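To start, the structure under review is shown below, and the notes come after it.
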C-alpha cells in the first residue's frame, strides 16, 4: 500500500490521498473529480464541502451533480442520517459454508488475533464462483479508501478494511464490531484475512466460543465460521454475458431470467461475521422465505456464540439505531459467502510464538 496523506476540509473533516506527501490542497486528479453523472447520494450537492456552487476543499466552482472521492456526507441540514443504520442485509444474500483457520494470543501483550482463509475460486454449492479479479478489486477498493454506499456507512465505518461482527448484525455505531481486520491479501488463488479481537465483552465471548470449538473438536457443521458480506458490482454468466452494476437498485437481467454459472468479478467488502448458522443447501428457497428465517434466527445465531444476554443487547442496539431501507437494493446486490476450511488448519497454537 502506498503512502496516504490526510487532508483536512474547511469543516475539519479529513480524508486520505495516496502517494502524496506535501500539498496545500488536493487537485481534481487526486480526488478523482468527475463532472456530472454522480451517484445521487454522493453528489457535490450532498457534500459538507459544497456551498452555493463552490467546493471549499478544492477551492473551485463545481456543479451540484459533480462527484469526487473526497465526498463527506452532510448531516447538518436536517436530512435523516443513515450513518446510524442497521440494515436488513440478510434479505439480499446467498450463502455457502469458512472457518477461522486459527487464533493466537501474544504472550507479552495479550493481543488476540484471528486468521481466516476466505475462499478459493472453485464453484460453490450454487454453481457460482469468486475470481482473482474480484479479490484484486476488493483490495483496490480497500487501499483507495473507497466510500461505502450509504446503507452501510456509520460513525464507526465508512469503507476500507471490513470489520468483524456477530451473526451479520451491522456495526451498530461501533457496538457490533468485535475487532478490526488488519490485512486482506491474496495467496495464489485464495483470499486470506487476518485481524484482532477487541477487549469488549462481546469480543471476549466470541473469542472464548472459538476456543471452546477448538478444545472440544466441535463438528465442522456446527463450528463458528467467518462469513464475508460484499457488494456485487460486476459479475459474468459463463457463456451468456456480463453485468456491471451502476447502482444498488439495478437488477441483472440474466439473473432475473434464472441464468446461473455466475462468476463474481468486482465488489466491495462490507463486513465479516462470525456465525454458526448452517449454509442453505436448497438453491430454490425464495429470498422472501429466506429473509423471514434469517430475521427469526439472527438472534439465535448470535446467542450460540456470545450467549443470550449479549444477543439480547445486540437486538436492543439494533432497535435503537435508525434503519436504512433496502427497498431500493436489488436482490443479489449484496452477497454473503463463506468457505469450508480444513479441520487440521483450525489450530489455536500454531501462531502463539510468532513475532511479538
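Read-outs throughout are calculated quantities, based only on the coordinates presented, and are distinct from any laboratory measurement. Fair warning: this is a prediction, and the values are worked out from it, not measured in the lab. Counting neighbours? That spans all protein chains shown, and the Cβs are built from the backbone with ideal geometry, glycine included.
Which value in nm describes the separation of the simple spin-label points at residue 140 and residue 199, placed 7 Å from the Cα toward the beta carbon?
Distance between label points: 4.0 nm.
Can you sort 130, 193, 265 so the residue with the fewest Cβ neighbours within 10 Å comes first?
265, 193, 130
Expected output is a single nm value to one decimal: the length gained when fully extending between residue 312 and residue 259, i.e. 0.36 nm times separation in residues minus the C-alpha distance. What is it?
Length difference between fully extended and current span is 15.1 nm.
Between residue 108 and residue 60, what is the spin-label point distance in nm, taking each point 7 Å from the Cα along the Cα→C-beta axis?
Result: 4.9 nm between the two label points.
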